[in-house]
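The values are calculated or read from the model by the stated rules, or taken from the named source; none is laboratory data. Predicted, not measured: the structure shown is a model, and the values here were computed from it. Glycine gets a Cβ as well: all are built from the backbone with ideal geometry, and neighbour counts include every protein chain shown.
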Amino acid sequence: MAVISLISTWLIPCFILLVLIVASWKRIPTYEIFVEGGKEGVKMAFTLLPFLVGMIVSISILRASGALDAFVGLLSPLLSYFGVPPDIVPLALVRPISGTAALGVTTEIIDSYGPDSFVGRLASTMQGSTDTTLYILTVYFGAVGIKKMRYALKVGLLADLIGIIASIVIVTIIFGQS
Amino acid sequence: MVNIIWALMAIIGVIYAMINGTMDQVNKALFKSADEAVTISIGLISILVFWLGIMKVAEKAGILHMLARIFRPVVLKLFPDIPKDHPAIGYILSNFTANMFGLGNAATPMGIKAMEQMKQLSGTDTASRSMITFLALNTSSLTIIPTTVIAIRMHYNSASPTEIVGTTIVATVISTLGAIVLDRFFHYRSLRRE
């Protein structure tokens, strides 16, 4: 357990260290390249903006009306039986369908419950540990004109389910359900 | 699909508010959350600029290339139908390494190139075994460092925004192994049926 939290704090700084040492060793103009790459980040954030506004507003309406709580309350006895926090259901449903939509839902969950709550940590982990199956299948198969997908969708969705279950188990073990 | 879900959430919300008498809260949430979403998108700039800048340096320094060399034997094992020196292998490796560092935008063009190469190998409009393996790995996510999530956690004043890196890696490894096993299982099942 200690190893996992150690990785969490050390991984990023150590990676930056490695990159900068290797790049300087090879006499690469690090700062100039950094700035060049950083420009893409500005573009990316603005591309995300309308997606986030749309999704966060829509789910906020659902939550503020009380409909989300009612829905979650309905499912909660069944889910609690399996140790699944009901508040995570909206994210689990949206995650395989759209990446930006899921990011919106994750943000909304972190906003409502706090980043250091159990659900907040779980949403953070889940967002990172599976990808958007339907989007990936559409883009990649569409781009090269594949018409028969065979068992691809089945494998993708089942892998998502494994990722969701793994997230719940690992977050419960590391941080405890509170 | 997204369209239906998106519209339905708002539609159900408004109708439920009519019955439940929570229209006032809905009104407030509408404007407050739109405002919030803009603040977050702007806030994401900090991390995205920094991370994409570092990744560009890593790419120029040949670190992504080094990683691709390390993973090459694994990828050859995972894609037994692709000849060893075929260009598809190179594209698959670039796609995987870009994905690992959360460079989704760089990963997609590489992935499409890999798919084109694999289509040339199979020559039909039916998904080949290699294509499905490739997509299974992509859908299970290969992310090691979830930068956007860290940025959002920072925005909401998390005591430790990066504490979820470890759990994300463990969950990613499990879902990726799961994807590989499922992919093999369905492949051999389809062989037996034919």
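Do we have any residue at all in the range B:59-72 that's within 19 Å of the chain's Cα centre (by Cα), facing chain A (nearest Cβ under 7 Å) and not charged (D, E, K, R)?
Looking for residues that are within 19 Å of the chain's Cα centre (by Cα), facing chain A (nearest Cβ under 7 Å) and not charged (D, E, K, R), one finds none in the range B:59-72, hence no.
Out of A:P86, A:P29, A:P115, I need the residue that is more than 7 Å from every other protein chain (Cβ to nearest Cβ), buried (at least 17 other Cβ atoms within 10 Å of the Cβ) and more than 19 Å from B:A10 (Cα to Cα). Which one? First the steps, then the outcome.
Numbers: A:P29 fails: buried (at least 17 other Cβ atoms within 10 Å of the Cβ); A:P115 fails: more than 7 Å from every other protein chain (Cβ to nearest Cβ).
On inspection, the qualifying residue turns out to be A:P86.
Can you give me the number of residues within the range A:64-77 that are within 7 Å of another protein chain (Cβ to nearest Cβ) and either touching a residue at least 12 places away in the same chain (Cβ under 8 Å) or not in a helix (DSSP H, G or I) (or both)? If you could, list the steps in order and put the result at the bottom.
Initially, the range A:64-77 is screened for residues within 7 Å of another protein chain (Cβ to nearest Cβ), giving A:64-67.
With the extra rule that they be either touching a residue at least 12 places away in the same chain (Cβ under 8 Å) or not in a helix (DSSP H, G or I) (or both), the set shrinks to A:65-66.
Of the residues in the range A:64-77, 2 are within 7 Å of another protein chain (Cβ to nearest Cβ) and either touching a residue at least 12 places away in the same chain (Cβ under 8 Å) or not in a helix (DSSP H, G or I) (or both).
Can you name every residue in the range B:1-23 that is within 7 Å of chain A (Cβ to nearest Cβ), part of a helix (DSSP H, G or I) and more than 26 Å from the chain's Cα centre (by Cα)?
Those that are within 7 Å of chain A (Cβ to nearest Cβ), part of a helix (DSSP H, G or I) and more than 26 Å from the chain's Cα centre (by Cα): B:A10, B:I12, B:G13, B:V14, B:Y16, B:A17, B:N20.
List every residue pair whose Cβ atoms lie under 6 Å apart, where the two residues are 6 or more positions apart in sequence or sit on different chains, the first residue falls within the range A:1-21 and is at the interface with chain B (Cβ under 7 Å from one of its Cβ atoms) and without any contact (Cβ under 8 Å) to a residue 60 or more places away in the chain, and the second residue, located anywhere, is surrounded by 14 or more Cβ atoms within 10 Å (Cβ to Cβ) and among the small types (G, A, S).
A:I7/B:G166; A:S8/B:G166; A:V19/B:A58
Considering only residues that are small (G, A, S) and within 7 Å of chain A (Cβ to nearest Cβ), which ones fall in the range B:143-164? Let's see the steps before the verdict.
First, pick out the residues of the range B:143-164 that are small (G, A, S): B:151, B:158-160.
Selection gives B:S158, B:A159.
Go through the range A:78-98 and count every residue that is touching a residue at least 60 places away in the same chain (Cβ under 8 Å) and β-branched (V, I, T).
Total satisfying the criteria: 2.
For the range B:109-142, give me each residue that is surrounded by 22 or more Cβ atoms within 10 Å (Cβ to Cβ), within 7 Å of chain A (Cβ to nearest Cβ) and of a type in the set (V, I, T).
B:I132, B:T139, listed by residue number.
Restricting to the range A:141-178, and then to whatever is more than 20 Å from the chain's Cα centre (by Cα), facing chain B (nearest Cβ under 7 Å) and touching a residue at least 12 places away in the same chain (Cβ under 8 Å), can you tell me which residue is surrounded by the fewest Cβ atoms within 10 Å (Cβ to Cβ)?
If we take residues in the range A:141-178 being more than 20 Å from the chain's Cα centre (by Cα), facing chain B (nearest Cβ under 7 Å) and touching a residue at least 12 places away in the same chain (Cβ under 8 Å), then A:M149 is surrounded by the fewest Cβ atoms within 10 Å (Cβ to Cβ).
Residues A:G37, A:G41, A:G54: which one is part of a helix (DSSP H, G or I), within 7 Å of chain B (Cβ to nearest Cβ), within 28 Å of B:T108 (Cα to Cα) and modelled with pLDDT under 85?
Checking each option against the conditions leaves just A:G41.
Write out, first by first residue and then by second, each pair whose Cβ atoms fall under 8 Å of each other, whose residues are 6+ apart or on separate chains, and whose first residue, in the range B:180-194, is more than 9 Å from chain A (Cβ to nearest Cβ) and over 16 Å from A:G156 (Cβ atoms) while the second is of a type in the set (V, I, T) and assigned to a helix (DSSP H, G or I).
none
Name every residue in the range A:70-81 that is of a type outside the set (S, T, Y) and either in contact with a Cys (Cβ under 8 Å, 6 or more places away or on another chain) or exposed (fewer than 15 other Cβ atoms within 10 Å of the Cβ) (or both), in order of residue number.
Those that are of a type outside the set (S, T, Y) and either in contact with a Cys (Cβ under 8 Å, 6 or more places away or on another chain) or exposed (fewer than 15 other Cβ atoms within 10 Å of the Cβ) (or both): A:A70, A:G73, A:L74, A:L75, A:P77, A:L78.
Which numbered condition in (1) in a helix (DSSP H, G or I); (2) more than 7 Å from chain B (Cβ to nearest Cβ); (3) in contact with a Gly (Cβ under 8 Å, 6 or more places away or on another chain); (4) modelled with pLDDT under 90 is the only one that A:I109 fails?
(4) is the only condition that A:I109 fails.
Tell me whether the range A:92-104 contains one or more residues that are surrounded by fewer than 24 Cβ atoms within 10 Å (Cβ to Cβ) and over 16 Å from A:L52 (Cα atoms).
There is at least one residue in the range A:92-104 that is surrounded by fewer than 24 Cβ atoms within 10 Å (Cβ to Cβ) and over 16 Å from A:L52 (Cα atoms).
Anything in the range A:117-134 that is outside any loop (DSSP other than H, G, I, E, B) and either under 10 Å from A:I88 (Cβ atoms) or modelled with pLDDT of 85 or more (or both)? List them, or say none.
If the condition is that a residue be outside any loop (DSSP other than H, G, I, E, B) and either under 10 Å from A:I88 (Cβ atoms) or modelled with pLDDT of 85 or more (or both), then A:F118, A:V119, A:G120, A:R121, A:L122, A:A123, A:S124, A:T125, A:M126, A:Q127, A:T133 are the ones that fit.
Restricting to the range B:24-54, count the residues that are within 8 Å of another protein chain (Cβ to nearest Cβ), farther than 30 Å from A:F34 by Cα and surrounded by fewer than 21 Cβ atoms within 10 Å (Cβ to Cβ).
Residues that pass the stated criteria total 5.
Considering only the range A:78-97, I want to know if a residue exists there that is among the aliphatic types (A, V, I, L, M) and touching a Lys or Arg at 6+ places or on another chain (Cβ under 6 Å). Break it down into steps so the answer makes sense when it comes.
So the first thing to find is which residues in the range A:78-97 are among the aliphatic types (A, V, I, L, M), and the list is A:78-79, A:84, A:88-89, A:91-94, A:97.
Okay, now just the ones that are also touching a Lys or Arg at 6+ places or on another chain (Cβ under 6 Å), so none.
No, the range A:78-97 has no match at all.
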